[in-house]
1. So which helices of the chain fit the span-like rule, where a helix is a whole DSSP H run, its Cα atoms reach 18 Å or more along the axis, and its mean Kyte-Doolittle is at least -0.5?
2. Taking 24 Å as the cut-off for C-alpha to C-alpha distance, list the pairs among LYS27/LYS101; LYS101/LYS175; LYS26/LYS265 that go past it.
3. So how do SER213, SER75 line up by other beta-carbon neighbours within 10 Å, fewest first?
4. Tally the DSSP beta bridges in the chain and give the antiparallel ones as a percent, rounded to 5.
5. Could you point to the label whose value was computed as Cα extents along the principal axes in Å for the structure here, given (1) 54, 45, 40; (2) 58, 48, 39; (3) 58, 41, 34?
6. Using a cut-off of 13 Å between beta-carbons, work out the net charge of the residues near GLY54 (Lys and Arg +1, Asp and Glu -1, GLY54 not included).
7. Could you list THR180, THR193 in order of exposure, starting from the residue whose Cβ has the fewest other Cβ atoms within 10 Å?
8. Ignoring the sites themselves, what is the longest stretch of the chain with no GluC sites (Glu not before Pro) in a DSSP loop and at most 14 other beta-carbon atoms within 10 Å?
Amino acid sequence: MLDKQQVKLHFSRNAQSYDNYAVVQKKMATKLAKLLEANNKNPQAILEIGCGTGNYTQILAEKYPHAQILATDISAEMLAITKHKLAAYPNISYQLADGEKIELGGKFDLITSNAVFQWFTDYKATFKRYLELLELNGQLLYATFGERTFNEMHNSFALAYKKLGLENTGVHGPKFVTTTQLQEFSNNLAWQTVFLEEEQAEYFNTAKEFLQSVKKVGANNASTSEKLLVSRRLLLQMLNEYQTTYQKANQVRATYHIIYGLHQKRQ
């Protein structure tokens with residue numbers, strides 16, 4: 001299970017470096033904007049869950065200049081960066097909040113989020129709350145990481161355990177949700193649901209550089225049940241397996257499995 005305090009700490013600690021490393025997250029924000037164009041009807045009240053450093057927030061503010069946007073985040077440091085970056089946009093207000101524990105009195109035409117839902121612990125209860133916050137025909141639109149994200153790293157750890165003759169003690173790094181799970185969490189709720197999936201590849205000079213990039217966007221493990229102590233020997237073997245197995249043209253690949261979810265509140 002995720003430790004939300006660790007999630008908050010990781011993102012707060014890396015708020016200043018986030019924009020330099022969030023390459024895939026920015027591509028996800030662009031794709032979300034295209035999905036908004038295709039599926040949304042000029043929302044007047046927008047709730048953003050987990051605004052981070054404001055890249056997606058800016059897209060929303062420019063696309064819907066007459067809408068009132070409430071941008072929330074679990075990290076005060078992230079909110080401070082967004083407030084400074086987007087000070088010229090008068091239609092944005094801000095609130096420090098855990099996206100799973102939103103307590104608001106108003107209603108929204110659109111609730112949206114980019115690269116945040118993978119840190120949730122209770123999707124079913126959270127989706128039910130979002131449904132309550134949406135106007136009739138309102139939409140929930142989000143992008144999150146799916147279970148095939150970082151499969152190269154997971155496979156490399158498995159190879160490392162085998163090569164060293166060690167017992168595989170579990171998954172290293174964050175565990176991500178599946179589309180099937182998201183569908184199950186959404187069942188019996190009064191909305192229509194559509195999912196899209198894609199894979200994005202990012203390339204690094206070394207496997208070690210990939211791990212550093214993951215840390216710089218705050219995406220390192222924050223599990224309460226799997227705070228695994230990785231020995232130097234195991235880590236070096238994993239990096240060697242990663243480099244050997246996934247290197248091509250002097251670069252190594254890291255896969256991001258992205259799930260886009262669109263839910264529309266119905267009668």
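1. Within the chain the helices that satisfy the rule are 23-39.
2. LYS27/LYS101; LYS26/LYS265
3. SER213, SER75
4. If we restrict to bridges inside the chain, about 55 percent are antiparallel.
5. For Cα extents along the principal axes in Å, the calculated option is (3).
6. -2
7. Ordered from fewest to most neighbouring Cβ atoms within 10 Å, THR180, THR193 come out as THR180, THR193.
8. Between exposed loop sites, the widest span is 1-102.
Values quoted throughout were computed directly from the atomic coordinates according to the rules given, and no laboratory measurement underlies them. The shown structure was predicted, so the numbers you read here are calculated from the model rather than taken from an experiment. With ideal geometry, Cβ positions are generated from the backbone for all residues, glycine too; neighbour counts draw on all protein chains shown.
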